[in-house]
Structure formats: C-alpha cells, structure tokens
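To start, the structure under review is shown below, and the notes come after it.
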Amino acid sequence: MAATAKKFGRVPSAVARLATSPELLNGFLKLNAIFESTTLPALDREVLIMTVAARNGCHLCVAMHTATLHGLSVSPELVSALRSQSALPSPRLEALRRFVVTVLDTTGDVPPSELVAFTEAGYTNRNALEVVLGIGTYTLSTFANRLTGAPLDEAFAPHEWHATAV
C-alpha cells in the first residue's frame, strides 16, 4: 500500500476496503505494477483506465484518475471526453479508446479490421495484449470498488463523477 500512498499522497478508502481481502489487494497491486511497466505511455494507460472505469460505472476510479490526468496536464477536452465516454480529440488516443471498447464488447474476439485500425494508429500487437492486461487489472478494481461501496475520498471530491446511460 506504500506505493499507492505515494502516488495519491495517502491510502484511498477504496484501497483500504480492498485490503479486507489481502489476496485481492495483493493481486490488484501486482497487476497494476505490471501494467505500469508496459510499453504503453502513461497517458495511454490513463485513457485505458478511464475508459474501463467509466464503462464499468466506477465513480471512485473516474474521480481518482481524473486527478491523475490533471497531474499529467492533459487538456480539459480530453478529460471531459473520457468522463462522458465520447470521442477523444486525439485520433491516436481515440483509436486506443475504441480498441478498448471493442475488446470489452467482443470479450477479446476483436475483428481483424479493428486490430488493423489500432495498429495503423501507431500501436503494436504487443500493445494490444497490454490493453488486455489493463482491462483485466481495472475490471478487478472497478468491480471490487462497486462491490464494497467504496466512498469517494474528500481529496477527489472536485472530480466527482456519476455514471450516465450511454
């Protein structure tokens, strides 16, 4: 939990709730560390996380990772589009967002044309597999947060988010 505290300045309530199952918390932290070491750049990882978090309706993850995006000094338009699950202003990042949604929609049975569109946007087949890792990591997190009813920490209140029908 020390790495999480370092990243966010403290241990978020969601992490504390996950700690009621040390196995789940340990699994998430290990998967997250592995995902952080992929060849996907930090911004691309955050796009993936926000796509999964918004799609899965995790108010806490969306707020936490909105704060992370602000720390990366990304444009307000990009943050807004991710939070509203709409097209991103960057064609490359939009290709990533669409690919993440396609992987989720098809449970990995991605049509060849979608994989080609992803790689033509500058990504690799390795990145495609790293997307699967990120989806798995953050599906675990979003599901656990929703299951435990993790509250929004006061520090993330400025980034509060509520799921809307898409």
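Estimated at 0.36 nm per residue, the fully extended path between Phe143 and Ala155 surpasses their Cα-Cα distance by 2.2 nm.
Helix 22-36 and the longest principal axis of the C-alpha atoms of the chain enclose an angle of approximately 40°. What you get for the chain, charging only the Cβ of Lys and Arg (+1) and of Asp and Glu (-1), is a dipole of about 320 debye around the Cα centre.
May I ask you to give the percent of accessible area on segment 4-118 that is carbon plus sulfur, with a probe radius of 1.4 Å? Write out the running numbers ahead of the final one.
Values: 3020 of 5100 Å².
That fraction is 59 percent.
Using only Cα atoms and rounding to the nearest 10 degrees, what angle (0 to 90) does helix 91-106 make with the longest principal axis of the chain? Orientation of helix 91-106: about 80 degrees from the principal axis. Each label was represented as a point 7 Å from its Cα along the Cα-to-Cβ direction; for Val132 and Val101 these points are 2.2 nm apart. For the chain, the equivalent ellipsoid derived from the Cα gyration tensor has semi-axes of 25, 18, 15 Å, listed largest first.
For the chain, the longest principal axis of the Cα atoms and the long axis of helix 42-55 meet at an angle of about 80 degrees.
What relative contact order, as a whole-number percentage, does the chain give when Cα pairs under 8 Å and 6 or more residues apart are counted? Don't jump to the answer; show the numbers that get you there.
Values: 174 pairs, mean separation 58.8, N = 166.
RCO, the chain: 35 percent.
Per residue, segment 44-114 exposes 39 Å² of accessible surface when a 1.4 Å probe is rolled over the protein heavy atoms with every protein chain present. What the pair-distance distribution of segment 95-166 shows, using all Cα-Cα distances binned every 10 Å from zero, is 16, 39, 28, 16, 1 percent.
Between the listed residues Pro158, Thr51, Ala128, the Cα displaced farthest toward the positive end of the dipole of the chain, a dipole computed from Cβ unit charges relative to the Cα centre, is found at Pro158.
The values are calculated or read from the model by the stated rules, or taken from the named source; none is laboratory data. Here the structure is a predicted model, which means the values were calculated and not measured. Every residue, glycine among them, receives a Cβ derived from its backbone with ideal geometry; neighbour counts consider all protein chains shown. For the accessible areas, the whole protein counts, side chains as well, though only heavy atoms, and no ligand, DNA or RNA atoms are used. Shrake-Rupley method; radii C 1.70, N 1.55, O 1.52, S 1.80 Å.
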